[in-house]
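Below is one structure, written out as structure tokens; the observations come after it.
Just so it is clear, none of the values below were taken in a lab; they were calculated from the coordinates. Keep in mind the model is a prediction, meaning the values are calculated, not measured. Cβ coordinates were reconstructed from backbone atoms using ideal geometry, including for glycine residues, and neighbour counts include every protein chain displayed.
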Amino acid sequence: MSIEIEIPTNDHESQKAVDRDLCKGDAVTGLQQRNRLLQLLIQQIVVIRSLLIVANVAIATQIYPLPFLSNELRKDMLQGTIIFMVGDWCAQLLTHWKKQEAVDRKGSRNNGASSGKRIKRRKKKHPLFLGTFEVDNNRFVISTILGAFWAGIANPSVYAAVENMLPGVSLKLVLVKMAITCSILSTAGNFTTMMFRRLVKQLWETPNRLEAAYPIFRSCVKSCRDDFLDVLKDDLKIFPAYDILCYSVIPPSVRPLTNALIASAWAMYMSIASANTTTNAPVSEAKMIDL
């Protein structure tokens, strides 16, 4: 007795099977994308919390005004905080992206050398969709604090004091004001903010803070002294020109905003530049976000 087995050869049934496989693949891909998005949101929770804190402080100071906090100072502090927060997040993202591209290129070259064949370059993917980007929370919080006090109070106070001392827009006055501003912000300002960033970050990440405070302080002083000359050179490449523009064209009421914006933009540019080198490029830290 022979048994006949029917093998489906219908093109329609074969197409159905292919469609089912494609649907399963799409479902898996969609689930992976949702998981990556959820992972990304969890990683960025510090950003959301910081924004909520800034919003609550803004509302509280509006409802219950403090005697020493004028509306102008409050506005400068809030806009400096928000700009430095966004700028630091973008700087970290751009740095991660460039480093990830460098790793991918190196891996492609190594694979090509081992196989002896030319490997087609993969399509660039944004780290947001890769789910590999993680915010340095300590650095982000430090930048937020600097945004409030440095970009909101100290930096605008220097520009306002120089402007009140030497009012006018003649070429001689503008050059003198530029020289005074750079002599303060490019020297003492740079060193102070460098020390603040490095000291606070290292103390924050050290378990025994009290015991390690003095050695960390000495180490930070030494590293700042070693890096200061290079930091000053980077500062003088861009900020004297900005100061001339600031004192000659930009109104005093808008300067706190432009100061914070130029600091964030410069930090993002330097993040890309430093990611393209094997060593970290020194950056002017008094007027910009730490890289």
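Once the Cβ-Cβ distance between residue 211 and residue 254 is put in as r, and R0 is 41 Å, what FRET efficiency do you end up with, to the nearest 0.05?
Values: r = 47 Å, r/R0 = 1.15.
Efficiency for this residue pair is about 0.30.
For the peptides 201-212, 93-104, 72-83, the ranking by mean Cβ contacts within 10 Å, running from highest to lowest, is 72-83, 93-104, 201-212. Computed from backbone phi, the HN-Hα couplings of the stretch 194-204 come to 4, 4, 4, 4, 6, 5, 5, 5, 5, 5, 5 Hz, rounded to whole numbers (Karplus: 6.51 cos²θ - 1.76 cosθ + 1.60, θ = phi - 60°; Gly and Pro given as x).
Can you check what the net charge comes to around residue 216, using other residues whose Cβ is under 9 Å from the Cβ of residue 216 (Lys, Arg +1; Asp, Glu -1)? Mind showing how you got there, number by number?
On the way: positive: 198, 209, 218; negative: none.
Around residue 216, the surrounding residues sum to +3.
Taking K and R as +1 and D and E as -1, what net charge do the other residues with C-beta under 13 Å from the C-beta of residue 226 add up to? Summing Lys and Arg as +1 and Asp and Glu as -1 gives +2.
Measuring spread by the Cα atoms of the stretch 214-259 yields a radius of gyration and Dmax of 16.0, 46 Å.
Counted over the stretch 129-252 with a bin width of 10 Å, the fraction of Cα pairs per bin, in whole percents, is 11, 33, 30, 18, 7, 1. For the stretch 211-227, backbone phi angles converted through the Karplus equation (6.51, -1.76, 1.60; θ = phi - 60°) give residue-by-residue couplings of 5, 8, 4, 5, x, 5, 4, 5, 5, 5, 4, 5, 5, 5, 5, 5, 8 Hz, Gly and Pro being listed as x.
Using the Cβ-Cβ distance between residue 265 and residue 188 with R0 set to 22 Å, the FRET efficiency from 1/(1 + (r/R0)^6) comes to roughly 0.40. Over 25 Å between C-alpha atoms is what I'm after, so list which of 99/222; 75/99; 75/201; 172/237; 75/98 land there. Listed pairs above 25 Å: 99/222; 75/99; 75/201; 75/98.
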